[in-house]
1. Can you list residues from other chains, or at least 5 along the same chain, whose modelled amide H is less than 5 Å from the amide H of G168?
2. How large is ³J(HN,Hα) for each residue in the range 384-389, as worked out from phi by the Karplus curve 6.51 cos²θ - 1.76 cosθ + 1.60 (θ = phi - 60°), to whole Hz, x for Gly and Pro?
3. With unit charges on the beta carbons (Lys and Arg positive, Asp and Glu negative) and the dipole taken about the Cα centre of the range 38-170, which residue among S38, T152, T97 sits farthest to the positive side?
4. What length, rounded to one decimal in nm, is gained on full extension from L389 through to S159, with 0.36 nm per residue of separation minus their alpha-carbon distance?
5. Step through the residues of the range 153-169 one at a time and calculate ³J(HN,Hα) from phi using the Karplus curve (6.51 cos²θ - 1.76 cosθ + 1.60, θ = phi - 60°), rounding each to whole Hz and writing x for Gly and Pro.
6. What is the fewest-to-most order of S67, S133 by other Cβ atoms lying within 10 Å of their Cβ?
7. Within 10 Å, count the other beta carbons around each residue, average over each peptide in 234-241, 439-446, 450-457, and list them highest first.
8. Tell me, in nm to one decimal, what length is gained between A151 and D181 on full extension, where the rule is 0.36 nm per residue of separation less the Cα-Cα distance?
Amino acid sequence: MKHARTCVLLAACYGFQRAAAAGDDHHDHAHDHGDHGSFEWAGIFETPESNYLWTAQKVDGSYVDPSMKIVALPATTLTQQGLSDLEAQGKEAMELTCTQVQAGGTITPANNTCYDLQFQATAWQSLFNVDASAVSGIAFFTAHVPTEFEATAHYLKDSIGTDIEPLGELPVKAEEETPMDAGPFAAAFLVNLVTFIGVLLMFGPLRRMMEKPVFSAMLFAFAAGALLACAFFLLLFESTHLIAVGWKTEVDIVWRWGAMILAGMVVPPVVETIISLLTLTRGQGESPPAEDAKQEAETGPELEGLDSAQKFRAKARLLGAVMIGDFFHNLCDGFFIGAAFQVCGNAFGWSVATGTILHELPQELADFVILTGPVVSMSSLKALAFNFLSGLSVLLGCLIIYLTKVDDSLVGLILAFGGGVYLHVGATDCLPKMYDPKLTLGQRICAFLSFAVGAVCIGLILIGHEHCIAEGGAHDHGSGHDGHAH
């Protein structure tokens, strides 16, 4: 039985889809402010630091307007509702006589105060200091959507250049429905098709070859190379960047990253132990766990000494262990594939799917041998059907990820967990096959070369591979500045 993997509870909102404000036609500067009176946009921000930088840049060679009115109100309730509560006060301040602030000047949050930012015509961008030393939050009300003035940089940054995103905006952006991406489901379906690899073993010569230690060692070594390469080259590396979206300090990032990897390595054997306990034979005498029955199934046990009841219990125990283990194994594969596609884009998603398919090949062959072996004695067609049905959980895992719109940091945790799982399966389930005492030195060298081929197959994916966060460009931060990959 392959090691089962547990599910990560997914509960987070992915955020509202950003409106492409920068693409609106503002050339005549006749903005329709609708029900929001004298301002076109408002946003509320948490400002724990003392100084921030407001940026306005030329787009297509010129500023959208040579100046912009802005109001900065101190805010304590840093939510969408908190911004709505300040809307009336923001409207009144926008109608006041505004103090002109030249590029390089300072915006200080204050009630009943309006500023008129004067952009430097001879410079490609104009910068303004924001003094937040006396406030914990700021609600900005502006005569333009600030993303109209974005060319290469976000409109609000902290002292070290990190983009600061609003916790709420006016007008409230309606949530847009995005079409379902078929990529993760196509990848999951291909993973599930691997369950039919057992068809090859319906031919006598191939089955006899599979039962040889050298063939099994080479196959599992190949899977180990693919799994470990996928963990180190893709999952573990990319997860660090995604976790950093939710937490900023190094300590917060590292302990979460490390804890999820360790959980991924520890949880599979824990779950397998639970499954074994649930499938123990209940009756007189000592009851061997499902793993022992699996070993017996692979080596061809002598069952003549068992009565019909004992044979039935052994069959039920082994069949339940394999099916339940496969279900959770493939379910979590679906989680990893879905998360990779959702945040990192199609290229990264297919990379993870490739690693999954390569390690599924030998495991599905082993499952087929067990199900059609002397203990379970299942027909080849029935074994293929059972394998396929348990493998459908990979599609379920993808669907759960799609319906539960997870944020970047949670996807990072899932990928780190997946990396831990792949480390465990590759290092403890697959790699030890290379050290079978029945292998000759030459056969071990062949197994090692098979390991290298598996690793190289995944390593080749790195050619042209870009940073996960930059690739998809689909991380919604709720600010409407499309085109910036944060």
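Quick note: the coordinates plus some simple rules give every number you see, no bench work behind them. The structure displayed is predicted, hence computed values, not measured ones. A quick note on method: Cβ atoms are made from the backbone with ideal geometry, for glycine too, and the neighbour counts reach across all protein chains shown.
1. Sorted by chain and number, the residues that satisfy this are I44.
2. Rounded to whole hertz, the list is 4, 5, 5, 4, 5, 5.
3. Going by the Cα projections, it comes out as T97.
4. Result for the pair: 77.3 nm of gain on full extension.
5. 3J(HN,Hα) across the range 153-169, in whole Hz: 9, 5, 6, 10, 9, 8, 5, 10, x, 7, 5, 10, 9, x, 8, x, 9.
6. Arranged by neighbour count, lowest to highest, S67, S133 become S133, S67.
7. 234-241, 450-457, 439-446
8. Result for the pair: 7.9 nm of gain on full extension.
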